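Only one structure is covered here, and it is reproduced in the block below.
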Amino acid sequence: MTSKTDLKNLPLPALEKFLQGQGKERFRATQIFKWIYQQDAGSFEEMTNISKELRTELTKTAYISRLEAETVEEGTDGTRKYLFNLGDGHAVESVLIPIEGRNTVCISSQVGCAMACEFCLTGTFSLTRNLTTAEIVNQIMAIRHDVRKNGEEIRNIVMMGMGEPLHNLDNVIPAVQIMIDGNGLQLSNRRVTISTCGLVPEMIRLGQELPNVNLAVSLNATTDELRNRIMPVNRRYPLKDLIKACKEFPLPGRRKVTFEYVMLGGINDSLEDAKRLLRLISDVPNKVNLIPFNEHEGCDFRAPTQEAIDAFHTYLIDRHVTVITRDSRGGDISAACGQLKGKLGK
Ligand code: SAH
């Protein structure tokens, strides 16, 4: 069986190679790339500046995939959750967060997740499979198609949906290359953020291969004892190694590492924790995202009190840390952090 190539798996240099392998000129790749990502072409038929011959030839060796949303739910705050059927019985969810006309899309990188963080719903499903580059890019393109109906564009991409992006770097790196390519999705590298639970060797690889995107690290605990318990990855890469990798991450210009900190009521939300957090990250150019725990069925953790959030936030602000407390968005449709499950049917 000859299998056709999904062109959405190929960043521009790989598409050039693919075409050259078929004896075609290199500049054709840029034309086709623009058709796919800028014109949203779904077939070769549409590519009118390409000869009919080449188009016919391409249909024999290649295709252009798309994702269609199986369901779209809209929360009271305008957050929209998309469930994408991947066609093999699996599905992933992505979330559109419109804040004052600046659309942020939170995308998934895996079906399920192998990291098993104790507080995260996705983590309870274990890893089913990695998403392909095309499936990662297609989440953005399907949502872009939707927002363009209102004359809007997507501004920010955060890889904070289902899965651990650094556990699927072979597909995530080409996907990000397509996102930030001036002939591709044309997103600014400043507006693409990859979030990791702390896979240290992969953080180093990311820094080498994609040094210009933003790095977010889900810290969530300030002692190895607690982090070992709630994030098993810490047993492999303890805090000392993780912070070292953050320190050495090649950040362009004045950019900072975002430290995400899920506040679990009564577990990691005291001022002692805030103090330790400050000490831990002080050698890294940093900003902090506090995320009040979003409760979900079957999980015993509780959200922190408003007082605990305020006290933690104020402690850091008073010490000149840039802190944002993420307001929980899309909670009513289970679209908030840690609530994605991506299951088809009931
Ligand atoms: N695997 C990556 C990205 C996915 S999780 C990572 O760990 O960073 C995205 C963010 O949601 C992480 O910071 C994670 O700690 C947080 N999160 C997971 N479950 C949550 C929950 N129930 N409530 C609040 N935040 C949660």
Candidate set: the range 144-167, residues that are within 16 Å of the ligand (Cβ to nearest atom) and farther than 15 Å from V213 by Cα; chosen: the one most open to solvent (accessible area, probe 1.4 Å):
H167
Being in the same structural domain as Q339 (by TED's automatic domain parsing) and assigned to a loop (DSSP other than H, G, I, E, B) is true for just one of D273, D300. Which residue is that?
D300
Flag if M141 is assigned by TED's automatic domain parsing to the domain that holds L86, within 13 Å of the ligand (Cβ to nearest atom) and not in a strand (DSSP E or B):
no
Among the candidates L54, L67, L58, L83, which residue alone is open to solvent by less than 30 Å² (accessible area, probe 1.4 Å) and more than 21 Å from N9 (Cβ to Cβ)?
L83
For D170, all conditions in the list (1) within 15 Å of the ligand (Cβ to nearest atom); (2) at pLDDT 95 or above; (3) open to solvent by 50 Å² or more (accessible area, probe 1.4 Å); (4) not in a loop (DSSP other than H, G, I, E, B) hold save one; what is the number of the exception?
(1)
Of all residues in the range 208-250, how many are farther than 26 Å from E272 by Cα, open to solvent by less than 40 Å² (accessible area, probe 1.4 Å) and in a loop (DSSP other than H, G, I, E, B)?
3
Scanning the range 94-109 for residues that are more than 10 Å from the chain's Cα centre (by Cα) and not small (G, A, S) gives V95, L96, I97, P98, I99, E100, R102, N103, T104
Could you name every one of the helices (runs of 4 or more DSSP H) located completely within the range 1-99 that has at least 3 residues being β-branched (V, I, T)?
27-37, 52-61
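Matching residues to (1) within 15 Å of the ligand (Cβ to nearest atom); (2) not charged (D, E, K, R):
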position: P285; (1), (2): no, yes
position: L290; (1), (2): yes, yes
position: E295; (1), (2): yes, no
position: C299; (1), (2): yes, yes
position: H313; (1), (2): no, yes
position: R319; (1), (2): no, no
position: T325; (1), (2): yes, yes
position: R329; (1), (2): yes, no
position: A336; (1), (2): yes, yes
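The values are calculated or read from the model by the stated rules, or taken from the named source; none is laboratory data. The structure displayed is predicted, hence computed values, not measured ones. Note: ideal-geometry Cβ built from the backbone for every residue, glycine included; neighbour counts use all protein chains shown. Side chains included, ligands, DNA and RNA excluded: accessible areas come from the protein's heavy atoms. Shrake-Rupley method; radii C 1.70, N 1.55, O 1.52, S 1.80 Å.
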